[in-house]
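Worksheet: one structure, shown below.
The values are calculated or read from the model by the stated rules, or taken from the named source; none is laboratory data. The shown structure was predicted, so the numbers you read here are calculated from the model rather than taken from an experiment. Here the Cβ positions follow ideal geometry from the backbone for every residue, glycine too, while neighbour counts run over all protein chains shown.
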Amino acid sequence: MSTVIAVILFVGVIAYALFGGADYGAGFWDLTAGGETRGHRVRELINLSLSPVWEANHTWLVFCLVTIWTGFPRAFTAITTTLYIPLGLAALGIVARGAGFAFRHALTERQAQRVSGIAFACSSVLTPFFFGTIAGGIASGRVPSAGHGDALSSWLNPTSVLGGVLAVTVCAYLAAVFLTGQAQRRADASLEHACRLRAFAAGVGGGVVALVGVYVLYSDAPRLFHQLRTVGAPLLVVSGLCGLAALILLHRGRPPVVRALAALAIATVVAGWGVAQYPYLLGTQLTIQQAAAPSATLWVLLVVSCVAAALIAPSLVLLYTLQLQRKLG
């Protein structure tokens, strides 16, 4: 049962990486769009794409936090008492991002709009970076099972920095792919071409970061490197092939296919990390079974997760479908 709950938790992590990641990546392109005149069309496309869905995507983050807190309280305690700095910075980034995005539309003064836009864009880059450092700290075994690990070296280390940079590039890639489809649906050929170039650049950049990461993991997280090279290798191969196919198809104008391939590439990377971690939840410090709550709690959590999926998943599917059909913005 503990393994089943761990799988459910990781499904939530993958969902947040995909849907939340695309939202964060849109902020990256907002930040790099240029001045008011040059970046106006890109920012307008981002606003139209994000407005109906950006708050809903945090559902996955709440789900993950509740699941690990309830199902694996020892791990939750260890993570929060060790990685409280990046967790706090990520939470601050989420709040600043939401406030910036909301106030950018509500304020009338140009200077205030500019400040709100900067807050939205910068926090959209920093928040996934901090989430990536958290994942790197956990994966590299720097979170002790008893908690209260080193507050700095637990997330300021080569593997964590790699995780942060990779998270930012992945988010940028996903967002550019989704924005390419949105531009095509709006019959804006020049904007579609610009978004396609951004997606290609971010995809190549992500590939380069991943290749550099091989050497980082080899020297800084040997156990994780070994597991990724063995049990996680099939998933990483699938990810690489999907990512390469998506880049090739980008220039052939097939956004739905590219979007599916890009999502599969990211999902298999995250799944590869989960497979490489197994059976540990915290590096090599704490196994899934050791961290699990009592069996009765896990059964209740399983039932609640199934009910939540039955209630929430159709609503989110409907929301995303209406957005893709341009019926919400």
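Brief remarks follow.
- Taken as a whole, the structure places Ala262 among residues that are at pLDDT 85 or above, small (Gly, Ala, Ser), under 23 Å from the mean Cα position of the chain (by Cα) and surrounded by 15 or more Cβ atoms within 10 Å (Cβ to Cβ).
- Tally of residues being more than 21 Å from Gly137 (Cα to Cα), without any contact (Cβ under 8 Å) to a residue 12 or more places away in the chain and of a type in the set (Ser, Thr, Tyr) across the stretch 178-228: 1
- Among residues of the stretch 60-81 being over 30 Å from Gly181 (Cα atoms) and in contact with a Phe, Trp or Tyr (Cβ under 6 Å, 6 or more places away or on another chain), the one that is surrounded by the fewest Cβ atoms within 10 Å (Cβ to Cβ) is Trp69.
- Enumeration of residues in the stretch 70-118 that are within 23 Å of Ala291 (Cβ to Cβ) and either in contact with a strand residue (DSSP E or B) (Cβ under 7 Å, 6 or more places away or on another chain) or of a type in the set (A, V, I, L, M, F, W, C) (or both): Phe72, Arg74, Ala75, Phe76, Ala78, Ile79, Leu83, Ile85, Leu87, Ala90, Ala91
- Residue satisfying all of: in the stretch 22-59; under 30 Å from Trp299 (Cα atoms) and not acidic (Asp, Glu); surrounded by the fewest Cβ atoms within 10 Å (Cβ to Cβ) among these: His58
- Residue selected from the stretch 195-243 under the condition buried (at least 16 other Cβ atoms within 10 Å of the Cβ) and of a type in the set (Val, Ile, Thr), by the criterion nearest to Val165 (Cα to Cα): Val209
- Some residue of the stretch 249-258 being under 21 Å from Phe28 (Cα atoms) and touching a Phe, Trp or Tyr at 6+ places or on another chain (Cβ under 6 Å): yes
- Test: residue in the stretch 82-90 that is among the polar types (S, T, N, Q) and surrounded by fewer than 20 Cβ atoms within 10 Å (Cβ to Cβ): no
- Cβ-Cβ under 6 Å pairs, at least 6 apart or on other chains, the stretch 268-288 side touching a residue at least 60 places away in the same chain (Cβ under 8 Å) and among the small types (Gly, Ala, Ser), far side outside any helix (DSSP H, G or I) and surrounded by fewer than 23 Cβ atoms within 10 Å (Cβ to Cβ): Gly283/Gly141
- Listed by position, the helices (runs of 4 or more DSSP H) enclosed by the stretch 170-286 that each have at least 1 residues that are more than 25 Å from Thr133 (Cβ to Cβ) are 189-220, 233-250, 255-277.
- Of all positions in the stretch 308-328, none carries a residue that is of a type outside the set (Val, Ile, Thr) and buried (at least 21 other Cβ atoms within 10 Å of the Cβ).
- Any chance Leu247 is in contact (Cβ under 8 Å) with a residue 12 or more places away in the chain and under 25 Å from Ser49 (Cα atoms): yes
- Picking from residues in the stretch 91-124 that are part of a helix (DSSP H, G or I) and among the hydroxyl-bearing types (Ser, Thr, Tyr), the one that is surrounded by the most Cβ atoms within 10 Å (Cβ to Cβ) is Ser124.
- Hits in the stretch 250-267 - residues which are touching a helix residue (DSSP H, G or I) at 6+ places or on another chain (Cβ under 9 Å) and without any contact (Cβ under 8 Å) to a residue 40 or more places away in the chain: Arg252, Val257, Ala260, Leu261, Leu264, Ala265
- Those residues of the stretch 150-177 which are surrounded by fewer than 22 Cβ atoms within 10 Å (Cβ to Cβ) and touching a residue at least 60 places away in the same chain (Cβ under 8 Å), in sequence order: Asp150, Ala151, Leu152, Asn157, Pro158
- Considering the stretch 136-160, and only residues there that are of a type in the set (A, V, I, L, M, F, W, C) and not in a loop (DSSP other than H, G, I, E, B), the residue that is farthest from Ile85 (Cα to Cα) turns out to be Ala139.
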